[in-house]
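I have placed the structure first, in the form of structure tokens, so that the comments after it can refer back to it.
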Amino acid sequence: MIETNITKMFGIKHPIFSAPMGPFFTRDLALAVCEADGLGVLSNVNIAGTSPVKEHKASLEYMIEHTDKPFGLNILTSRNNPGVRQMVRLLPRIVMSNVKMRDQCTYWLTSAGSSRVLAESKSFVELRENSEVKHFHVAPAVWLAQKCVNSKVDGIVVTGTEGGGHQSYERVSTLVLLQQINEKFPDLPKIACGGFATGESLAAALSLGAGAVAMGSRFIASKQSEFHEKYKALIPPGNPQDTGLYTGSFGPIRLYKNEYALSHPAPSSKEEMIAYENSLSPEQRAKDMGAYDRVYNGDIDTGAVLLGQSIGIIDSIDDVNDIIERIMKKAESVIRKNNSMLK
Ligand SMILES: Cc1cc2nc3c(=O)[nH]c(=O)nc-3n(C[C@H](O)[C@H](O)[C@H](O)COP(=O)(O)O)c2cc1C
């Protein structure tokens, strides 16, 4: 067993989290990760005109019905995210009003916007004061980690540029970012994210000051994930260079290089991104809006296929339990081997 500040904070056996993967559903995946003694995270779902509050409520109810283990949820706090205000106001109330939900939904992860939005919500402040709930925020750059600290988060998710999905303009690798952030904030609880898929990489993350890893692409390629079979099938033959950074709704985004991705530029600054967005015709905008619904329904050519470079080290679609067991076994043996180097 590996015990860390993060496993102790959440009362979990293994330092492995599933990364949030909105706008797609990750209910069954989150449940499988929890049941395998990691910590599963519900994504901020808003595909096909769904209401994010309604979807989160349904997912929360599903989780407490099927597991007694702790789990988490994600809220994208960008102003561009529909329903963000309602989520930060209503979700803490929903959780507060149900003792089982309050005791289990202890990991509140915000991302792709300000860490203050949830931290300053009155209902979340009340929930935080009356429960064991922890607030983490995704920090893809050192200056963002500083902002998270200013918002008094309980910890951060350090996500480097190799990760799938939303990214920062800085494009710093997880390896370098972890070292930078660890040096600046040695005592801040950290979850490493972006590029993790093996036991060796978990051992490396722990050496670099993280208390756990969060994985997205590795878990998409699992039997329990709700992703379309065609989406999953891209992963085992995939290489790191099959992904790249392009424009997304909240800044740069790492996508699989398909027709959709290749028709979008890769902005290197906020100004470039805004200029690109302003240049879009209403038809292009509407087409882009549908990119998630399309891929959800299996269109892996003109849909947005979010994946990380870690696809280059994932060879098969596996059971979540086997993935976690294999990673833990390997991480333990690597740590033991490294320890034996000490003379
Ligand atoms: C399909 C997909 C959707 C994602 N959606 C979100 C999201 O809604 N919120 C978020 O904070 N990160 C999102 N991300 C980023 C992941 O949480 C995580 O940072 C990333 O998957 C880590 O890299 P990995 O894929 O190499 O594990 C998404 C990633 C993927 C692959």
Amide H of MET21: which non-local residues (sequence gap of 5 or more, or other chain) have their own amide H closer than 5 Å, using H built in the peptide plane?
-> SER43, ASN44
Once phi is turned into θ = phi - 60°, what whole-Hz ³J(HN,Hα) does the Karplus curve with 6.51, -1.76 and 1.60 give for every residue of the range 32-47, x standing for Gly and Pro?
-> 4, 5, 4, 5, 8, 6, x, 10, x, 10, 7, 8, 7, 8, 8, 8
What area, in nm² and to one decimal, does the C-alpha convex hull of the chain cast on average over all directions?
-> 16.2
List the residues of the range 1-33 whose backbone N lies under 13 Å from a point placed 7 Å from the Cα of GLU332 along the Cα-to-Cβ direction.
-> 1-3, 13-15
What full-extension length gain, to one decimal in nm, is calculated for LYS270 and LYS223 as 0.36 nm per residue of separation minus the Cα-Cα distance?
-> 13.2 nm
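Tell me the relative contact order for the chain as a rounded percent, counting alpha carbon contacts under 8 Å between residues six or more apart. Before the final figure, lay out each step's value.
Details: 711 pairs, mean separation 57.9, N = 343.
Averaging sequence separation for qualifying contacts and normalising by length gives 17 percent for the chain.
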Please give the net charge around SER263, taking every other residue with its beta carbon less than 10 angstrom from that of SER263, where Lys and Arg add +1 and Asp and Glu add -1.
-> -1
Hey, which lysines would be in cross-link range of LYS100, C-alpha to C-alpha under 29 Å, not counting anything within fewer than 8 residues on its own chain?
-> LYS8, LYS13, LYS54, LYS57, LYS69, LYS122, LYS134, LYS152, LYS190, LYS223
Between beta-carbons, use under 10 Å as the cut-off and find the net charge around VAL117, counting Lys and Arg +1, Asp and Glu -1.
-> +2
Residues LYS147, LYS190, sorted so that the one with the fewest Cβ neighbours within 10 Å comes first | LYS147, LYS190
Taking the Cα centre of the range 107-218 as origin, work out the dipole magnitude from +1 charges on Lys and Arg Cβ and -1 charges on Asp and Glu Cβ, in debye rounded to 20.
-> 180
Prolate/oblate/rounded label for the range 106-187 (Cα gyration tensor, a/c 1.5) = prolate
Taking a ≥ b ≥ c as the square roots of the eigenvalues of the Cα gyration tensor, with a/c under 1.5 meaning rounded and otherwise prolate when a/b exceeds b/c and oblate if not, the range 231-296 is oblate
Whole-Hz Karplus couplings 3J(HN,Hα) for the range 68-79, θ = phi - 60° and coefficients 6.51, -1.76, 1.60, Gly and Pro as x, run 9, 8, x, 8, x, 9, 10, 10, 7, 8, 4, 5
Report the antiparallel proportion of the DSSP beta bridges in the chain as a percent, rounded to a multiple of 5.
-> 25
Fewest-first ordering of TRP143, TRP108 by Cβ atoms within 10 Å yields TRP143, TRP108
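Sorted by mean Cβ packing within 10 Å, highest first, what order do the peptides 129-141, 207-219, 173-185 take?
Working: 129-141: 20.5, 207-219: 26.0, 173-185: 18.1.
Packing order, densest peptide first, comes out as 207-219, 129-141, 173-185.
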Which whole-number percent is the relative contact order of the range 104-254 (Cα, under 8 Å, 6+ apart)?
-> 19
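Computed from the coordinates by the stated procedures, all read-outs in this text should not be read as laboratory data. Predicted model only: the values in this text are computed from it and were never measured. Methodologically, a virtual Cβ is constructed for each residue, glycine included, from the backbone with ideal geometry; neighbour enumeration extends over all protein chains shown.
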